[in-house]
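The values are calculated or read from the model by the stated rules, or taken from the named source; none is laboratory data. Quick caveat: nothing in here was measured; it's all calculated off a predicted structure. A quick note on method: Cβ atoms are made from the backbone with ideal geometry, for glycine too, and the neighbour counts reach across all protein chains shown.
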Amino acid sequence: MLPSCCALLLVLLPLCESKTVRGRFDPANAAKTNGQYIGKFCFSGQAGRIEHSRPDDSPFSGKLFLYTAEQWDQGLVKRAEDGGIDCAGRLAVAEHVVMLTSKAGNHSLKDLRKPVVLHALYADVYTCSKAPPPTQLSTVDFVLHFFNADSHGETVNHFGCEETGLLGFYELLTLIYFVLGCIWAPRLYENIAKRGPMHDVLVMLTTVLCLQAVGSLCMFIHLYGYSTDGQGSPLMENVSELADIAAQFEMLYMMLSLSLGWTLGSAKTHATSQIWKSSPLAKVAAGMAVVQGLLILWEQVWYYDHSPYHAHHSVTGLLILFLRVALALLFAHTLQQVLPKERSAMRREFYSNFAKYCFLWFFAYPVLVLTSLFLAQHLRRKVVNIGAVTAQTLAVVLLYRLFLSRSLYWEVSALSSATLPLRMDKKNLSIKLNSS
């Protein structure tokens, strides 16, 4: 089911707009909406450059008006009837104006004193005219390149200040995945091949780690291409996001399954049906997980800015965050009921460590979102993205270490009952279900 949904999303997802913007200037639409919105770019504060070109050199009167994020958010670009200033007044307060009369050209931004997000709006002689525009206005193809200064001061860097450092991060993360995979793959395969009492848990963790590695590699490929042409590979970016979503679902299923006492072995179907009949919490958790999944799919398909680590900018993204916290609280409540009943110090230690690592995975993203509110706007996306990916990867690695630890793994498996974690011996399964 999940692979089918991922394939469908891959077809439906729009290709993400990059800092090489290709499109058409539409004078009629600009006149109707008091300006055609082109996009935004975060300039680093040293120097910036906008390169523009058109396929023909016919006479053209268009201009590109640049507004700061503060102006945009404060409503200076609203139409007069919506409570904003009039059309001409709005164009007059633009921070920068780029003339587009020539077939190709460059506009340098040298007076930037700090990192700033600039929104680009297209307008021409018909935009604020009181007379209706001619009916035969034709659209004009264009290509815009946005650049920041690199380490040598040359304005050739396609990355906005919001994305600076992401390429290096994903390059390092992909290298770490590769090295650790070469070192630990034989041992993991050996442990999984033994089909021990936690076989299915290890398979799930391996699946999550592989999905995260694929997502990291695809994002690195996209960002590497982006660094050279400002466009990258939107397909690779979408594949990376889908791999991350699949990993999120797999981790959510594993953690809630273990905390609620769902079985993870060959008799999964029978045992799960028993839990469904006897545990209201299982039904609540499943319902919340399904709703969260539907919201994630909705946000991915319908919202333009659909990266999983800045989805909180939309109402749907905030609902996803709320459900994530609610599931974490349900997880904590379930473990709180389990711990007092355990007499074995080793099992209590196992549960305690398991809870800590799962909380790291659950709460990393919400906590980073709240923390980012106190940071400068151009730092928020980087902090949330890098922090969430690092924390969740660390949580998976620590869970691996916990389940593979000889001091806890075999002892806890031998002592386990119907609670977390379940030992999957067929001859004991019926006894444990009855005891639950």
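Working carefully through the options Thr164, Thr206, find the one that is surrounded by fewer than 19 Cβ atoms within 10 Å (Cβ to Cβ), within 29 Å of Ser53 (Cα to Cα) and of a type in the set (Val, Ile, Thr).
Step by step, each of Thr164, Thr206 is checked, and only Thr164 is surrounded by fewer than 19 Cβ atoms within 10 Å (Cβ to Cβ), within 29 Å of Ser53 (Cα to Cα) and of a type in the set (Val, Ile, Thr).
Mind checking which pairs have a first residue in segment 371-394 that is touching a residue at least 40 places away in the same chain (Cβ under 8 Å) and under 17 Å from Gly165 (Cα atoms) and a second that is of a type in the set (Asp, Glu) and assigned to a loop (DSSP other than H, G, I, E, B), Cβ under 7 Å, 6 or more apart or different chains?
Listed pairs, sorted by first residue: His378/Glu162; Arg381/Glu162; Lys382/Glu162.
Check whether at least one residue in segment 342-349 is surrounded by 20 or more Cβ atoms within 10 Å (Cβ to Cβ), part of a helix (DSSP H, G or I) and modelled with pLDDT of 80 or more, and report yes or no.
no
Within segment 197-238, restricting attention to residues that are touching a Leu at 6+ places or on another chain (Cβ under 7 Å) and of a type in the set (Val, Ile, Thr), which residue is farthest from Phe403 (Cα to Cα)?
Thr206
Scanning segment 223-240 for residues that are touching a Cys at 6+ places or on another chain (Cβ under 9 Å) and part of a helix (DSSP H, G or I), which turns out surrounded by the most Cβ atoms within 10 Å (Cβ to Cβ)?
Ranking the candidates gives Ser240 first.
Among Ser430, Ser417, Ser413, which is the only one that is surrounded by fewer than 20 Cβ atoms within 10 Å (Cβ to Cβ), modelled with pLDDT under 85 and part of a loop (DSSP other than H, G, I, E, B)?
None of the other options fit; the residue is Ser417.
Which residue pairs have Cβ atoms closer than 7 Å, lie 6 or more positions apart in sequence or on different chains, and pair a first residue in segment 178-190 that is surrounded by 10 or more Cβ atoms within 10 Å (Cβ to Cβ) with a second residue that is part of a helix (DSSP H, G or I) and not small (Gly, Ala, Ser)?
Every condition considered, the pairs that remain are Leu188/Thr206.
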